[in-house]
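Below you'll find the structure, written out as structure tokens, and then a few comments.
Please treat every number below as a calculation from the coordinates, not as lab data. Since we're looking at a predicted model, the values are computed, not measured. Please note: Cβ atoms are built from the backbone with ideal geometry, for glycine as well, and neighbour counts cover all protein chains shown.
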Amino acid sequence: MNETFVRLLCPECRKTWERKPGDLPAHTEAFACDGCGTERRTAEFTRTDRDLDVLKQFQ
Ligand SMILES: [Zn+2]
């Protein structure tokens, strides 16, 4: 089994972590940072364009 993860980076506190794409809101919806609670669109937390693509692909 090869599980896919989206790599996340908080634009405020620079925390980095990973989530399964199915556990995240759609890229256009609000998402709160695990570390500092900042709310942004999920797309703004994806670390690279590839992570954004993975998020879109699995939703
Ligand atoms: Zn944060």
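List of remarks:
- Cα-centred dipole magnitude for the chain, charges only on beta-carbon of K, R (+1) and D, E (-1), debye, nearest 20: 120 debye
- Segment Asp23-Thr38, extension gain: residue separation times 0.36 nm, minus the distance between their alpha carbons: 3.6 nm
- Under 12 Å, Cβ to Cβ, from Ala30 - net charge with Lys/Arg +1 and Asp/Glu -1: -1
- The chain: chymotrypsin sites (Phe, Trp or Tyr not before Pro) in DSSP loop, at most 15 other beta carbons within 10 Å: Phe5, Phe58
- Normalised by residue count, the range 6-57 yields a Cα convex hull volume of 60 Å³ per residue.
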